[in-house]
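Below is one structure, written out as structure tokens; comments come after it.
The values are calculated or read from the model by the stated rules, or taken from the named source; none is laboratory data. Given the structure is predicted, the values throughout are model-derived calculations rather than measurements. Backbone-built Cβ (ideal geometry, glycine too); neighbour counts: all protein chains shown. Only protein heavy atoms, including side chains, enter the accessible area calculation; ligands, DNA and RNA are left aside. Shrake-Rupley method; radii C 1.70, N 1.55, O 1.52, S 1.80 Å.
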Amino acid sequence: MSRSAHPAGPRHADVLPEGHYSAPPTDLNALDPKVWAHTVTRTDDGVVSVGGVEVTTLAEEFGTPAYFLDESDFRARARAWRTAFGHDADVFYAGKAFLSRAVVRWLHEEGLNLDVCSGGELVTALSAGMPADRIAFHGNNKSAEEITAAVRAGVGRIVLDSFQEIVRVAHIAQSLGTRQRVQIRVTVGVEAHTHEFIATAHEDQKFGIALADGQAAEAVRRALSLDGLEVVGIHSHIGSQIFDMAGFEVAARRVVALLAAVRDEHGIELPEIDLGGGLGIAYTSDDDPREPHEIAKALSEIVTRECEAAKLRTPRISVEPGRAIVGPTAFTLYEVGTIKPLDGLRTYVSVDGGMSDNIRTALYDAEYSVALVSRTSDAEPMLVRVVGKHCESGDIVVKDAFLPSDLAPGDLIAVPATGAYCRSMASNYNHALRPPVVAVNDGEARVIVRRETEEDLLRLDVG
């Protein structure tokens, strides 16, 4: 008998011990405004609405699963960031969170810049009218084709991520007869309190050039020596879904120290410092994110204090909120398919989507909220795990939450705070069709990214 296998038993599926999960909410029908988009509310008949349209109407018109995005909420959050940082700083929306041409137009209209990290994101931004000089291009392994496209378009900055890329961008810019504005991305050795896969400032990972052992200083030295580059600043990003500002304080101190070293060696003061994004949002009622004006005040004070101590002019600050803008503005709407109680454990609620439309729970161990949205209920709460329809035991949407015990097939449930990374990371696993993104505003709903069809799948299959 093989010793590598063992009987799973009833508790194999990571069953939470008694007391680990929170107590059920007092009112299962309540919608925490910290978690849901601004216009989400329950109507008098108990149905949840967004932007003045009930989810039952949305489901009938657009089907499920589907992402519904509150346009007015998105715009309000974008404006809040722009206002908080004022005209002496730059706000770059992180396109990787979610990007579409409609979103690009909203950003342009609200006065935000945009950062992209692929040729596809770049062409989407340009096709929707974002001025190239308001675009920053990120990425740890940009291809020659992507760099050429970015330089030809005239992007405002390229963030250099390696010694090879310094030479590559300089060569391409020089061959095109231009000087490309660049920043050097450095890893500052900060341990952000977040999941390992989204922590990006410790040395043992793929992004940036380490401050340790003088590597970042050498990167600046090389970039300054090349005719095709105009070095305008230093870039730092410490991770994602971060609530504590302490990591930013350490990062700012170390980046400013590098700016001072550059001044002392080269006699120049670089005019920009980008502290990245990664500010957290509320996925559950336990999360407590900071407001944009609090973040702006804290970052400005940190950088100003460190620059004064180093006798440097305060550089222009940039930040890159993505999740913090789009994350709370959308929810994913599902229809309940099967309900499977496991005596003494929990109830498994299967929906018509899953890890193909939200991989974050499987990938990052992310936590989400969930609510019954097609009606209200006075039934007792039951502990549930919301799972998808894919052929994976790890196909989990919400690990542990409470829903009414009279939940039935055909009910609509919604998972809030899915505006960031869910559609961006969506896949065709099991040949699932990726859901649409529907913008809702002032009583009207319109598709901004359509649902895939079987014809779309077959069109790519040329075999």
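Hey, can you find the accessible area per residue of the chain for me, probe 1.4 Å, expressed in square angstrom?
On the way: 20550 Å² over 463 residues.
On a per-residue basis, 44 Å².
The DSSP beta bridges internal to the chain are antiparallel in roughly 45% of cases. Sorting the segments 234-245, 262-273 by their mean number of nearby beta carbons within 10 angstrom, highest to lowest, gives 234-245, 262-273. Pairs of lysines in the chain whose Cα atoms sit within less than 15 Å of one another amount to 5, provided the residues are eight or more positions apart or on different chains.
Quick one: angle between helix 144-153 and the longest Cα principal axis of the chain, in degrees between 0 and 90, rounded to 10, please. Roughly 80 degrees between the two axes. Residue-wise HN-Hα couplings along the stretch 265-276, as the Karplus relation 6.51 cos²θ - 1.76 cosθ + 1.60 with θ = phi - 60° gives them from phi, are 7, 10, x, 10, 10, 5, x, 10, 9, 10, 9, x Hz; Gly and Pro carry x. Per atom type, the chain shows carbon and sulfur on 49% of its accessible surface, probed at 1.4 Å.
Cα-based radius of gyration for the stretch 281-427, normalised by 2.2 N^0.38 Å, reads 1.37.
Computed over every Cα-Cα pair of the stretch 299-342 and binned at 10 Å starting from 0, the pair-distance distribution P(r) comes out as 19, 22, 18, 16, 10, 11, 4 percent.
By accessible area of protein heavy atoms, probe 1.4 Å, what ranking do Tyr283, Tyr348 get, highest first?
Numbers: Tyr283 10, Tyr348 45 Å².
Result of the area sort, largest leading: Tyr348, Tyr283.
Can you give the Rg/Rh ratio of the stretch 109-182, where Rg is from the C-alpha atoms and Rh is the Kirkwood radius?
0.95
Backbone amide hydrogens, once placed in the peptide plane, bring Met382 within less than 5 Å of Leu403, Ser405, excluding anything fewer than 5 places away on its chain. 3J(HN,Hα) along the stretch 360-372, derived from phi through the Karplus expression 6.51 cos²θ - 1.76 cosθ + 1.60 where θ = phi - 60°, amounts to 5, 5, 5, 7, 10, 6, 5, 10, 9, 9, 7, 8, 6 Hz, with x in place of Gly and Pro.
Amide H contacts for Ser318 (H built 1.01 Å from N in the peptide plane; partners 5 or more residues away or on another chain; cut-off under 5 Å): Asp90, Ile273, Asp274, Leu275.
Work out how much length Glu452 to Gln174 would gain on full extension: take 0.36 nm times their residue separation and subtract the Cα-Cα distance, in nm to one decimal. Don't skip to the end; give the middle numbers.
Numbers: separation 278, 0.36 × 278 = 100.08 nm, distance 4.18 nm.
So the chain would gain 95.9 nm between Glu452 and Gln174.
Put simply, the amide H of Val397, placed in the peptide plane, has neighbours under 5 Å in Val386, Val387, Gly388, leaving out anything fewer than 5 places away on its chain. So what does the Cα-only Debye profile of the stretch 25-91 read at q = 0.20, 0.25, 0.26, 0.28 Å⁻¹, as log10 I(q)/I(0), no solvent term? With no solvent term, the Cα-only Debye profile gives -0.88, -1.13, -1.17, -1.25. For the stretch 213-307, the spread of Cα positions along the three principal axes, ordered from largest to smallest, is 51, 25, 24 Å. Only one of (i) 0.96; (ii) 1.13; (iii) 1.00 was calculated from the structure for Rg/Rh (Cα atoms, Kirkwood Rh), and its label is (iii). Couplings 3J(HN,Hα) of the stretch 119-136, computed from phi: x, x, 5, 5, 5, 5, 4, 5, 5, 9, x, 5, x, 4, 6, 9, 10, 10 Hz, in residue order, whole Hz [Karplus 6.51 cos²θ - 1.76 cosθ + 1.60, θ = phi - 60°; x for Gly and Pro].
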